[in-house]
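Novice: I have a structure I would like to understand better, so I am pasting it below and will then ask my questions one at a time.
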Amino acid sequence: MKKAYIVAAALAGQLAFAGQASAAGIERHTNPPPAIILDGVTIPPNSEIVILSGAIASPIEEGKTDSFEAFGDTHTQAVNTFTKIKASLAKIGYSMSDIVKLTVFVAGDPKLGGKMDFAGFNAAYKEFFGTPENPNLAARSTVQVAGLAGPYFLIEIEAIAAKAPEGK
């Protein structure tokens, strides 16, 4: 029993030291250019993390929800969705630069033979990440799905944002 306690105490001490050593800000692990996403992110101990539910686009014209045109193409829906995410984050004191991870679900566009419009999504992403307003990039997964909650949605985006402890 004594050995287990000593090992556990030593391990706890190492973890506490590691936590102190990495108590700096959020570390973004970049990919070589021209990559537009991160390889990964290290979030230090005691950081605040916010996980947003999947967000979808609103209709372009309120009340019209009966076609793909009512919501727009993938690029239009992605810009709309990122704008909604930006507003959700602002309500709780966060910004797009605090996003560390995105999970993106893209439905196939009938106009593209059922293939996802990856280029259209990436163009929208570049309007919000790696910009003068937000130079940060996010770790990201983008997958094509068979469908989303509504028949005319082409994109749904989940976001994770984090802030390092004050003074770090």
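Novice: Out of (1) open to solvent by less than 60 Å² (accessible area, probe 1.4 Å); (2) modelled with pLDDT under 95; (3) of a type in the set (Asp, Glu), the odd one out for residue 98 is which?
Specialist: Here residue 98 clears every test but (2).
Novice: What single numbered condition from (1) in a helix (DSSP H, G or I); (2) open to solvent by 70 Å² or more (accessible area, probe 1.4 Å) fails to hold for residue 121?
Specialist: All conditions are met except number (2).
Novice: Check region 38-45 and report whether any residue there is open to solvent by less than 50 Å² (accessible area, probe 1.4 Å), within 18 Å of residue 159 (Cβ to Cβ), at pLDDT 95 or above and small (Gly, Ala, Ser).
Specialist: yes
Novice: Considering only residues of region 56-78 that are open to solvent by 100 Å² or more (accessible area, probe 1.4 Å) and part of a loop (DSSP other than H, G, I, E, B), which is nearest to residue 163 (Cα to Cα)? It would help to see each step written out before you state the result.
Specialist: First pass over region 56-78, keeping only residues open to solvent by 100 Å² or more (accessible area, probe 1.4 Å): 60-62, 64, 66, 69.
Filter again for part of a loop (DSSP other than H, G, I, E, B), leaving 60-62, 64, 66.
Details: 60: 33, 61: 35, 62: 35, 64: 38, 66: 40 Å.
Once the filter is applied, the top-ranked residue is 60.
Novice: Against the definition (over 21 Å from residue 99 (Cβ atoms) and open to solvent by 40 Å² or more (accessible area, probe 1.4 Å)), how does residue 132 come out, yes or no?
Specialist: So residue 132 does not fit the description; no.
Novice: On to the next question. For region 110-117, indicate whether the set of residues that are of a type outside the set (S, T, N, Q), under 17 Å from the mean Cα position of the chain (by Cα) and surrounded by 21 or more Cβ atoms within 10 Å (Cβ to Cβ) is non-empty. Show your work before the answer.
Specialist: Going through region 110-117, the residues of a type outside the set (S, T, N, Q) turn out to be 110-117.
In the following step, the residues that additionally are under 17 Å from the mean Cα position of the chain (by Cα) were identified as none.
No; the residues of region 110-117 include none that is of a type outside the set (S, T, N, Q), under 17 Å from the mean Cα position of the chain (by Cα) and surrounded by 21 or more Cβ atoms within 10 Å (Cβ to Cβ).
Novice: Identify the residue in region 84-95 that is open to solvent by less than 70 Å² (accessible area, probe 1.4 Å) and without any contact (Cβ under 8 Å) to a residue 12 or more places away in the chain and, among all such residues, is nearest to residue 163 (Cα to Cα).
Specialist: 93
Novice: Let me spell it out: the conditions are (1) within 30 Å of residue 150 (Cα to Cα); (2) at pLDDT below 95; (3) surrounded by 14 or more Cβ atoms within 10 Å (Cβ to Cβ), and residue 23 meets all of them except one. Which number is the exception?
Specialist: The one condition residue 23 does not meet is (1).
Novice: On to the next question. Working only within region 130-161, note down all residues that are within 24 Å of residue 92 (Cβ to Cβ), outside any strand (DSSP E or B) and touching a helix residue (DSSP H, G or I) at 6+ places or on another chain (Cβ under 7 Å).
Specialist: Once the filter is applied, which keeps residues that are within 24 Å of residue 92 (Cβ to Cβ), outside any strand (DSSP E or B) and touching a helix residue (DSSP H, G or I) at 6+ places or on another chain (Cβ under 7 Å), region 130-161 yields 134, 136.
Novice: Please indicate, with yes or no, whether at least one residue in region 48-55 is under 18 Å from residue 125 (Cα atoms) and part of a loop (DSSP other than H, G, I, E, B).
Specialist: Scanning region 48-55, I find no residue that is under 18 Å from residue 125 (Cα atoms) and part of a loop (DSSP other than H, G, I, E, B), so the answer is no.
The values are calculated or read from the model by the stated rules, or taken from the named source; none is laboratory data. Nothing here was measured: the structure is a model prediction, and the numbers come from that model. Don't worry about glycine lacking a Cβ; one is built from the backbone with ideal geometry, like all the others, and counts go over all protein chains shown. With ligands, DNA and RNA removed, areas are computed over all heavy atoms of the protein, side chains included. Shrake-Rupley method; radii C 1.70, N 1.55, O 1.52, S 1.80 Å.
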